[in-house]
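Only one structure is covered here, and it is reproduced in the block below.
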Amino acid sequence: MNQFLRNLIGSILLLFAYSALGAEAEPDPVLLKDSTERFVWRAGYYSVYFDSIHSKSFNEIRAIQRKGLFTRTITDDQRLFSHHHEMWAYIDVQHVARTTRKYLIELYDFHIDEYDIYVLNGDSLYYHFEGGDSFEFEHRKIAHKNFLNEVVFNPNTQYTIFIRVQSKESVAAFGTIRTYPDLLEYSNKEYLILSIYYGFLLLMFIYCISLFAATLEITYFYFALNVVSVVLYSLSNDGLGFQYFWPHQMVLNGYFQCISVVLFSVTSLLYTSAFLQIKKISSTYIIVLRSLMAARVLLFVIGLLFYEPLLRMYQIDIVVLVFIFYVAIDIYFKDYIAARFFILAYAALFIGFTTHILMVLGIARNNMFTVYAMNFGTFFQLFLFSFALADRVRIVNKQTRDAQLKLINQLKENEVLKDKVTQDLEEKVKERTKELEYKNQQLDAFVYKASHDIKGPLKSIIGLAKLGLIDVNDEGAKEYFRHIEKSTSRLDALLQDLLQVSKIKNVVIESTLIDFNKIINEIKEGFTNIESFSDFYIDVEIKQDRDFYSDEQMIYSIFQNLIENAFTYRDNNKRKSSLYIRIEVDKQKSLIEFIDNGLGIDKGLKDKVFDMFFRASEIAGGTGLGLYLVKTAVNKIGGRIQVETEINKGTTFRIVI
């Protein structure tokens, strides 16, 4: 154990000693040969020094370098984090080529606000370049998204390069020295890849907006906004936004990344809520989700108005992604299968976004993967999201189909049950109908037989009463005979009507040519012996485009009862009581109207006038079967009858056949 501790302590001391020696030692020189097309200075090839902004002149910085106060880099994690400071980098270049060659000094970091590059040949200043994203894009001599400056190196000559950088963002000072052919090859590949990347994002945006417009499902709209946030972040991060979209608005370079990150977090939370249907699953998750959105927006507003470093506090965005990732996994295990591709998509995004943010914060190394980690993660995220959306639609369609099949099966079962119930009801109706028909037949037979059986004795009673009125001289006895005659006559009329009802129900319809004038005249002749009938005016109007065929007995019964009804319920207070009969026969239908100016019927009783034994008035003694006989006869010949009436104005019966 003691030996192990001694070895461990010795190793730690050696490590500190190596670090101290590395800090004081000069960086390795950058060797440029005839065959060198590109040299990337990374850890070990440059030294750095941090200082307050513009606190020292270039000559003072050179003096500090000579004193060995620059720190030799041993990792790629040397970054400038404070916007109140600047970072100086020192690079030793040995151009051992045998010819004069042109090179480009390139700085990779797109977020450098200001930089100065000093190239010395011995103690003489050979070149001085300045730039950064706080200058308009037109300030650049080479129109490229990266910072490029041309130098010409003489053969077998040593040069010293000092680079000063400052920025509001976390930035690094490493870069490359490359030739024009190498830049052309590199740029063509990079711009091609980026064009494919942005083309893919554009297609995804159009796809989601189209789906939203077609379905109005908010999930697609949130995803489209999320794609927009990724586009804004990528444009601000790779330099293409400054080159093509806002080359004169330098201030946007300092805020576009912050804005896009906030938009990305908020739209990611909204999309997650909609896609995973969190409201239906957990109220707690909704509260946390809304709290995260509010906190992220509030942090951005405070940073924008009061304390700018809060704008770049991206740690909370990592928390947002962790929350989304956790919720998706939890909901997946709650049997929401549509979350499976969502989890994979956010896993890719989480890895890419977190890797890039860790690089921005100086925790992860700065290299091609970490610089474009967000792009890689987004690409795979969107690619997997397309599967997630398709998978979600497929699952929803399957659930819909299952529900439809279940509904169809239920409808089939209901149809079978309905058919069975209908069949049972039809059988019961048939049984009841047969039973009712049998009872009606029995009743009709009874009424007919009873009427005939009663009619003979009744006629005898009426005859005896009339004889009594002639032969008996006692006035008291005559009064009794009058009452007997009146009652028996009324009973005889009732029997006549009942026999008529029975005949109408049982008669077989025989269709013959109808002569309306003949029927009306016969009925009028039959009523001539009735007192005051001669004072009752009947006007007839007949318009026929064709012959009218129907059962003559039924037509006669209808006309007789309606004429008798109009005469019986005439208004004696009127100077002239009248009945207007209008008949129109055309190719489509036949219309018969009986319009009188009699007493009229109360509208509240209008629906009862065709009921058996119903009498709307006691003015004239009747059997209450007249209009019932009319309705029965009209139905028998296939017509329909309506009544319109008003008290003291009259009544209209309208028959359509």
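The values are calculated or read from the model by the stated rules, or taken from the named source; none is laboratory data. Treat the numbers as computed from the prediction; the structure is a model and nothing was measured. Glycine also receives a Cβ, built like all others from the backbone with ideal geometry; neighbour counts cover every protein chain displayed. Note: accessible area is taken over every heavy atom of the protein model, side chains too, but ligands, DNA and RNA are not part of it. Shrake-Rupley method; radii C 1.70, N 1.55, O 1.52, S 1.80 Å.
Here are a few things to note about the model shown:
- Reachable lysines from Lys412, criterion Cα separation under 18 angstrom, eight or more residues apart if same chain: Lys420
- Using the alpha carbons alone, the radius of gyration of segment 535-592 stands to its Kirkwood radius in an Rg to Rh ratio of 1.05.
- With respect to the chain, whose longest principal axis is taken over its alpha-carbon atoms, helix 339-360 is tilted by about 30°.
- Charge dipole (segment 75-207, unit charges on Cβ, about Cα centre) - positive-most of Gly131, Tyr103, Leu202: Tyr103
- Student exercise, the chain dipole from Lys, Arg, Asp, Glu Cβ charges, in Debye to nearest 20: 960 debye
- Distance in nm between pseudo-label sites at Glu190 and Asp34 (7 Å out along the Cβ direction from Cα): 2.9 nm
- Reachable lysines from Lys168, criterion Cα separation under 20 angstrom, eight or more residues apart if same chain: Lys56, Lys145
- Principal axis analysis of the Cα atoms in the chain yields extents of 171, 65, 46 Å, listed in decreasing size.
- Longest DSSP-loop-exposure-free segment, chymotrypsin sites (Phe, Trp or Tyr not before Pro), the chain, at most 11 other Cβ within 10 Å: 1-305
- Karplus-derived 3J(HN,Hα), 6.51/-1.76/1.60, for each residue of segment 511-518, Hz, glycine and proline x: 7, 9, 5, 9, 10, 4, 4, 4
- Residue by residue, segment 571-588 carries 3J(HN,Hα) couplings of 9, 5, 7, 8, 4, 9, 8, 9, 9, 10, 9, 10, 10, 10, 10, 10, 6, 8 Hz when phi is fed to the Karplus relation 6.51 cos²θ - 1.76 cosθ + 1.60 (θ = phi - 60°); x denotes Gly or Pro.
- For Gln544, the residues 5 or more places off, or on other chains, whose built amide H falls under 5 Å of its own are Val585.
- Annotation: amide H-H contacts under 5 Å for Asp551 (H modelled 1.01 Å from N, sequence separation of 5 or more, or interchain): Thr512.
- Percentage relative contact order, the chain, counting C-alpha pairs under 8 Å, at least six apart: 8 percent
- With the simple model of a label 7 Å out from the Cα in the direction of the Cβ, Glu415 to Lys608 spans 4.8 nm.
- For segment 236-244, the Karplus equation 6.51 cos²θ - 1.76 cosθ + 1.60, evaluated at θ = phi - 60°, returns couplings of 6, 8, 9, x, 5, x, 5, 6, 10 Hz by residue, with Gly and Pro reported as x.
- Note on Ile286 and Asp571: the extension gain reaches 94.3 nm, defined as 0.36 nm multiplied by sequence separation minus the Cα-Cα distance.
- Calculated mean residue ellipticity at 222 nm for the chain: -19000 deg cm²/dmol, from DSSP H runs with n ≥ 4 weighted as -39500 (n - 2.57), summed, divided by the residue count and rounded to 500.
- Cα-Cα P(r), segment 110-258, percent of pairs per 5 Å interval: 2, 8, 14, 16, 16, 14, 10, 7, 5, 3, 2, 1, 1, 0, 0
- Solvent-accessible area per residue, Å², over the chain with all protein chains present [probe radius 1.4 Å]: 54 Å²
- Cα-based reach from Lys636 at 17 Å (exclusive), listing lysines while leaving out same-chain residues under 8 positions away: Lys503, Lys505, Lys589
- Segment 271-358 - percent relative contact order, Cα under 8 Å, separation 6 or more: 25 percent
- For Ser590, distant residues with modelled amide H under 5 Å away: Ile657
- Share of carbon and sulfur in the accessible heavy-atom surface of the chain [1.4 Å probe, %]: 59 percent
- The angle between the Cα long axis of helix 626-636 and the longest principal axis of the Cα atoms of the chain comes to about 60 degrees, rounded to the nearest 10.
- Spin-label model, Ile318 to Glu136: label points 7 Å out along the Cα-to-beta-carbon direction sit 4.0 nm apart.
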